[in-house]
1. Please work out the Cα center distance from the range A:87-160 to the range B:172-187, rounded to the nearest Å.
2. Mind jotting down the three principal axis lengths of chain A based on Cα atoms? Whole angstrom, largest first.
3. Hey, fewest Cβ within 10 Å first, where do B:83, A:112, A:15 land in order?
4. Report the charge-dipole magnitude of the range B:90-151 in Debye, nearest 20, computed about the Cα centre from +1 at each Lys and Arg Cβ and -1 at each Asp and Glu Cβ.
5. Compute the helix-to-body angle for A:202-227: its Cα long axis versus the longest principal axis of chain A, expressed 0 to 90° and rounded to tens.
6. More than 25 Å apart: what percent of Cα pairs in chain B qualify?
7. Could you list A:26, B:89, B:138 in order of exposure, starting from the residue whose Cβ has the fewest other Cβ atoms within 10 Å?
8. For each of B:76, B:198, count neighbouring Cβ atoms within 10 Å of the residue's Cβ, then give the residues from fewest to most.
Amino acid sequence: MSVPRRTPTLAQQVWLLLQKDLRVEMRTGEVVATSLLFSAVLVSLFVFAGFSTRKAASEGAPGLLWMASAFVAVLVVTRTFEREREDGAVTALLLIPGASTALFFAKLVYNWLLLTLVQGVLLLLVGGVFSVDWFAHGYAVAVALLLGGFGLCAVGTTLAALLAAMRLREVIVPVVLFPLCVPLLIAGAQASVAAIRGQNSGAWMVTILLFDLLFVGLGQWLFGLALEGAGGGEGDSE
Amino acid sequence: MGGALRSVELRSATRFFGRHVALYRCSLKLVAGEVVAVLGPNGAGKSTLAGLLATTLAPSEGEVVAAADRMLDSSELRARVGWVSHESMLQRELTGREQLALIAGLYGVASERVVFWLERVRLTADADRAIGTYSRGMRQRLALARALLSEPELVLLDEPTTGLDAASREVLWELIGDLRAAGRIVVVITHDLDAPPELFSRAVVLSQGRLVADRSGPESLSALYAAALQRVAP
């Protein structure tokens, strides 16, 4: 009855879990559709609020971009474990050796990919509407968004795991996420402003990178502990 | 990996949820080849017992000890567990085949086993439908396949007959017989007192978090259950 096994590597497990989430998102389109709609609404509001001059629009656009990124990150990360928690699927995953670490990286990359997709659309949308040429001074804004989005997702994915068992998690995630990400958002906005002004944004980029490294390390450590409580502790006393 | 699992033992294990005592000083040793029926009314602590054995719950007091060629730590024991809980532990957006392929891939089990298990639980024809469209019984059969796919040495079946028709129950009893023959430890938490008694090498009864009966042999489950609860009745 014994069946030969080939223990998968961490990368293989991450890929399997990531594929699964992407497949489900492609079928349902829940997260991408709501995030894109939200982004469009936010940009529209700024259009109607109106910037008085083109210069004001150009200088305000990075702020809009980062504000939208932060809100979209919340939309993305709060759904992180909803599907797995529905019928206790996360518990089955936690029984598998190594799957807890793989699940963290898969969810992190998944959230990051979705956020990056929406950020890409936002970049085009904000650039088009406010006539901002993001790429006139190189790709610094795009790089800042990529790195900053990764940091937002690292914090958000960990928080989603920590708060997965809580009833009001949709409310609590943003309440905790935003204060934690203030340094990241400031650095991101500053890097973007510096880039469109043609200034050096290197120091801000390093700040974002350090933030990313810190929260990926912390997240990986906290994630397994958090999920043990959320998925394993069923809390009933049958 | 430490050799085949020989025994799992709860040593005076107590589990609290807040102030509520779900399981109190429960001592139980399960050895390879045993099929143990766990009986008890709602709230008796049966699922808590399963959680402790699966190591997804830690005992508040006492310990869970697993032995193979050497003592195993909780992560080594967990890797040998297959668990059908009262939740299906399936992701409803996936198809049955995708769900099993995912679990097989994560364990490193060959993909041919997916085909084998779909056939075994009679879901081949529905394998490419989303789990969300399955009936309760179909989900339960898929949950069984999901739990047994990795050839676990400690199999925890919490209400495995829920939603199963007579033919599917026969498949389940057959599977349990195979697991017993293969020397696995099988724990069947059930309210189904009509389950064939010869299937179980042992039966235990929990009541209000306490182990109140522990019998070996083919005694009828309903007789054991009635006698045990009568003894503890106030």
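Where a number appears in this text, it was derived from the coordinates with a stated rule and is not lab data. Predicted model only: the values in this text are computed from it and were never measured. Neighbour counts are summed over all protein chains in view; Cβ atoms, including those assigned to glycine, are modelled from backbone coordinates with ideal geometry.
1. So the separation of the two Cα centres works out to 45 Å.
2. Computed over chain A, the largest-to-smallest principal extents equal 72, 32, 31 Å.
3. A:15, A:112, B:83
4. Dipole about the Cα centre, nearest 20: 280 debye.
5. 20 degrees
6. 40 percent
7. The fewest-first ordering by Cβ neighbours comes to A:26, B:138, B:89.
8. B:198, B:76
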